[in-house]
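Worksheet for the structure shown next.
Just so it is clear, none of the values below were taken in a lab; they were calculated from the coordinates. Remember, it's a predicted structure, so these values are computed and weren't measured experimentally. Cβ sites come from the backbone with ideal geometry, for glycine too, and all protein chains shown count toward neighbours.
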Amino acid sequence: DAKTTQPTSMDCAEGRAANLPCNHSTISGNEYVYWYRQIHSQGPQYIIHGLKNNETNEMASLIITEDRKSSTLILPHATLRDTAVYYCILHLSGAQKLVFGQGTRLTINP
Amino acid sequence: SAVISQKPSRDICQRGTSLTIQCQVDSQVTMMFWYRQQPGQSLTLIATANQGSEATYESGFVIDKFPISRPNLTFSTLTVSNMSPEDSSIYLCSVVLGFPTKAFFGQGTRLTVV
């Protein structure tokens, strides 16, 4: 699986949009971009994934650049419960095991 | 989606002993995955457990230290053998479903070895 690069940590004010970047310059054409998060003392939780197009679900939006070398996860109205480590992971559509990087520790401040 | 139950949720164990962690999934799955998360670190895959065959271990992990059982399509166990303080970690069970696949995780087992 290709490698991703994320900032180590970020802060965001409660109620504002949290924008988490991810660089994946060596992504291959059939690799998806996935985002998971891990709230303290819990197992990771799936958030969203995409291949080429931007995606939105009830949790977040995923913006993927046209060249697919980077992406941004957007939490539109961050709450204190969104404080977590966010992982950007690349893998093939049928891939089973995940390779986790260090992720971004997002802190939402009141 | 999948609901994954892990037992125990946490334990404190003496060095030299062994602990078996159980993972129960609410649906049948071909493969189950065991991850380790050392303090302050990200997740690292230990092994992949297939029903009816031996588990496949990642580099740096061996069967003698982390024996795995997979008796049916909804259950697996991971044993941490001859524990030392360096084994203090969170151990997580995971499955993947759907296409494109999505991974689901148990809540983890927080192990402290003293």
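Can you compute the FRET efficiency between residue B:64 and residue A:39 using 1/(1 + (r/R0)^6), with r the Cβ-Cβ distance and R0 = 41 Å? Round to the nearest 0.05.
Between residue B:64 and residue A:39 the formula returns 0.75.
What is the average number of partner chain Cβ atoms found within 10 Å of a Cβ in A:94-107? Present the calculation step by step, with values, prior to reporting the outcome.
Working: counts 4, 4, 11, 12, 9, 4, 7, 2, 3, 2, 0, 0, 0, 0.
Neighbouring Cβ atoms belonging to other protein chains average 4 per residue here.
Say the dipole of the protein assembly as shown comes from +1 at the beta carbon of Lys and Arg and -1 at that of Asp and Glu; which of B:114, B:72, A:99 then lies farthest toward its positive end?
Towards the positive end, the residue furthest out is B:114.
Please get the size of the charge dipole for chain A, origin at its Cα centre, with Cβ charges of +1 on Lys and Arg and -1 on Asp and Glu, quoted in debye to the nearest 20.
On the way: 9 positive and 9 negative charges, 39 e Å.
Dipole magnitude for chain A comes out near 180 debye.
Mind putting a number on the dipole of region A:42-82 about its Cα centre? Charges go on the C-beta only, +1 for Lys and Arg and -1 for Asp and Glu, and I need it in Debye to the nearest 20.
Numbers: 4 positive and 5 negative charges, 20 e Å.
Charge dipole, region A:42-82, about its Cα centre: 100 debye, nearest 20.
Partner chain Cβ atoms within 10 Å, averaged over the residues of A:35-42 - can you pull that number for me? It would help to have the intermediate numbers written out before the result.
Values: counts 0, 4, 0, 7, 0, 0, 6, 6.
The shielding value for this peptide is 3.
Can you compute the charge dipole magnitude of the protein assembly as shown about its Cα centre, using +1 on each Lys and Arg Cβ and -1 on each Asp and Glu Cβ, nothing else charged? Give it in debye, rounded to the nearest 20. Walk me through the numbers before you get to the answer.
Working: 17 positive and 16 negative charges, 40 e Å.
Dipole of the protein assembly as shown, to the nearest 20 debye: 200 debye.
Fewest first, what order do A:82, B:11 take by the number of other Cβ atoms within 10 Å? List each step's numbers first, then the result.
On the way: A:82 19, B:11 14.
Fewest-to-most ranking of A:82, B:11: B:11, A:82.
Neighbour counts of other C-beta atoms within 10 Å: give me B:99, B:61, B:66 arranged from fewest to most.
Details: B:99 8, B:61 16, B:66 19.
So the residues, fewest neighbours to most, are B:99, B:61, B:66.
Exposure proxy check: A:92, B:43 ranked by fewest other beta carbons within 10 Å? Provide the component values of the computation, followed by the final result.
On the way: A:92 13, B:43 26.
With the fewest neighbours first, A:92, B:43 line up as A:92, B:43.
Does a label point 7 Å from the Cα of residue B:84, set along Cα-to-beta-carbon, have any residues of region B:17-32 with amide nitrogen under 19 Å, and which are they?
Within reach of a label on residue B:84, which here means backbone N under 19 Å from a point 7 Å along Cα→Cβ, region B:17-32 contributes B:17-19.
Sort A:57-67, A:95-105 by packing, meaning the average of other beta carbons within 10 Å per residue, with the highest value first. Numbers along the way, then the final one.
Working: A:57-67: 13.9, A:95-105: 18.7.
Ranked by mean Cβ neighbours within 10 Å, highest first: A:95-105, A:57-67.
Percent of Cα-Cα pairs more than 19 Å apart in chain A, please.
Details: 2328 of 5995 pairs.
Cα-Cα pairs of chain A separated by over 19 Å account for 39 percent.
So if I restrict to the alpha-carbon atoms in region A:54-107, what is the Rg, and what is Dmax, the biggest pairwise distance, in Å?
Spelled out, the Cα radius of gyration and Dmax of region A:54-107 are 12.6, 34 Å.
Find the Cα radius of gyration of the protein assembly as shown, compare it with 2.2 N^0.38 Å by division, and give the number to two decimals. Kindly include the intermediate steps, with their values, before the conclusion.
On the way: Rg = 17.8 Å, N = 224, 2.2 N^0.38 = 17.2 Å.
Compared with the compact-globule rule of thumb, the protein assembly as shown sits at 1.04.
Could you compute Rg(Cα) / (2.2 N^0.38 Å) for region B:1-89, with N its residue count?
Values: Rg = 12.9 Å, N = 89, 2.2 N^0.38 = 12.1 Å.
That works out to 1.07 for region B:1-89.
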